[in-house]
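Right, one structure below, let's go through it.
Read-outs: derived from the displayed coordinates by stated rules, not from any lab. In this text the structure is predicted, and so the values were computed from the model without any measurement. FYI the Cβ positions are ideal-geometry reconstructions off the backbone, even for glycines, and counts take in every protein chain you see.
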Amino acid sequence: MEPVTLVSGDYIQSKVENMNMDNYSESEKQKTKDPGNWNNNFLARVFDSARYRDFRLLWIAQMTNSSAFWVQMVALPILILDVTEGSAIHLGLIMGIRTLPAVILGVFAGVVADIWNRKLILIATRLFVTFNAIWFAVTISLSWLELWHIYIFALARGASMVFDQPARRAMIPNLVPSYLMTNAMALNSGSVQLMRVFSAALAGIVIAVFGILSSFYLMSVLYAIGLPLLLLINAPAQERSGYSGPVAVATNMKAGLEFAWSAPPIKGALVIAAIYFTFGASFIQVFIPLVTKGPLGLHDSGLGIMYAVLGVGGIISTLFLAYINPSNNRGIILLVSLASMGFLMTLYSSASYFSTTLAAFIVVFFVGFAQSAFIPLFTALLAESAPDNMRGRVMSLLAYDQALMSLGAAFAGFSAAILGTQVALFCFSGISFGSALFIALLIPGLRRIN
């Protein structure tokens, strides 16, 4: 089949439902036609998308994946510091190398998600990460571990995520009705937030009781648990362009980028997200540790509690977003989230001047709330704004969020070293808030994104 041909520059206004309604009961079909006919029960509305069997399987499989990831995020830095005798350079390089595949393979992974069966891609990537975790754990068990093994392990894990994420996110619109898109993306994001809190704590307990090796075997088990769930998914057939050789792949990559930039909702959401990932996300990665252990004078346990509070705010946010399931004015909500991040960053910096620890914890809770509302809304908007045969490429652009966050984190660290932590935080908060205000006032098309 020939590569996808774009409609000349104009955005496709009619959204594609991309559902095979034959897979659903008459009551579910009626609910799709009448979104207002919801169960008013809170939990029923929050977990509305989970009524659909195939989404439920994908969602639970994602939870096992997120759980393994957060176990790794706790165990790997400990292992690196132990092997390198406390080298901050190797820690930074290994944790940063995970983003390299996203920069190099991001759009290509999106083409793969549009050409090949997305379910098979998810199964293949899950098999890959499972065996990656197993060989690494066995290498540690046999006392064969060297530093280069850790680099290979981290790089391989990053490469698998590049192919997993666009395929998984592009599949979700085929598993739920379109009016539940935000609800489904919120539940998907909420599982990550939930696992960040519980799996990180679980990893700490496992390492303390059984040692560092046990955490990597636990990771292998968590990855493997998700495989049968993925095999049971019976997703409706997707629109695929088919593989037509390397030239066609390059053409399809170009077509995906052109489509994303020609579609106003996608372009607008990407502009807002670029500001958020560069200047807003650095608050979580850089400024919270610097301020918490610096001006606030808290120790490692205080930093751990600060991140736990951040996670709780995120969980509550995603549950609330899943409950209200907004389908209109999402451009405004994205801008409000970005502006809120800027405002809250200012409050956090102000609290540090007066060493008001309680106020800092309260602010971080609301940061978690604002941040966790932004990501599923942004993801749902991208998924709904692209036709099925282009969705993998559009969703692959999310792979660059890690690159932007790394860039923002480096810039934040450099700014903090030159200007001082609190002044640098004021600058980043001003950029986030000012950008949201600038977009809202001077680019009205972005705030009208639905």
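Going by how many other Cβ atoms sit within 10 Å of their own, how do W261, W116, W59, W135 line up, fewest first?
Listing W261, W116, W59, W135 from fewest to most nearby Cβ atoms yields W261, W135, W116, W59.
Please identify the chymotrypsin sites (Phe, Trp or Tyr not before Pro) of region 342-445 that satisfy two criteria: DSSP loop assignment and at most 12 other Cβ atoms within 10 Å. Which are they?
Of the chymotrypsin sites (Phe, Trp or Tyr not before Pro), the ones in loops of region 342-445 whose Cβ has at most 12 other Cβ atoms within 10 Å are F354.
Please name whichever of I115, V176, I150 sits farthest to the positive end of the charge dipole of region 43-233, dipole taken about the Cα centre and charges placed at Cβ: Lys and Arg +1, Asp and Glu -1.
It is V176, whose Cα lies furthest towards the positive end.
Hey, if you put +1 on the Cβ of every Lys and Arg and -1 on every Asp and Glu Cβ in region 43-233, which of I89, N65, M185 ends up farthest toward the positive end of that dipole?
Of the options given, the answer is M185.
Based on other C-beta atoms within 10 Å, arrange S220, S215 from fewest to most. Mind showing how you got there, number by number?
Working: S220 20, S215 24.
Listed from fewest to most nearby Cβ atoms, that is S220, S215.
Kindly put L180, L419, L344 in sequence by how many other C-beta atoms sit within 10 Å of each C-beta, fewest to most.
Sorted ascending by nearby Cβ count, the order is L419, L344, L180.
Given the peptides 269-280, 165-176, arrange them by the average over their residues of other C-beta atoms within 10 Å, most packed first.
165-176, 269-280
If you filter region 103-167 for trypsin sites (Lys or Arg not before Pro), then keep DSSP loop positions with at most 10 other Cβ within 10 Å, what is left?
Counting only loop positions with at most 10 other Cβ atoms within 10 Å, none of the trypsin sites (Lys or Arg not before Pro) in region 103-167 qualifies.
Estimate the FRET efficiency between I89 and L142 by the formula 1/(1 + (r/R0)^6), using the beta-carbon distance for r and 30 Å for R0, to the nearest 0.05.
On the way: r = 27 Å, r/R0 = 0.90.
The value I calculate is 0.65.
Assign unit charges at the C-beta atoms only (+1 for Lys and Arg, -1 for Asp and Glu), then state the dipole size of region 43-233 relative to its Cα centre in Debye, rounded to the nearest 20.
660
Kindly provide the pair-distance distribution of region 43-233 built from C-alpha pairs, with 10 Å bins from 0 and whole-percent values in order of increasing distance.
Spelled out per bin, shortest first, that is 9, 34, 36, 17, 4, 0.
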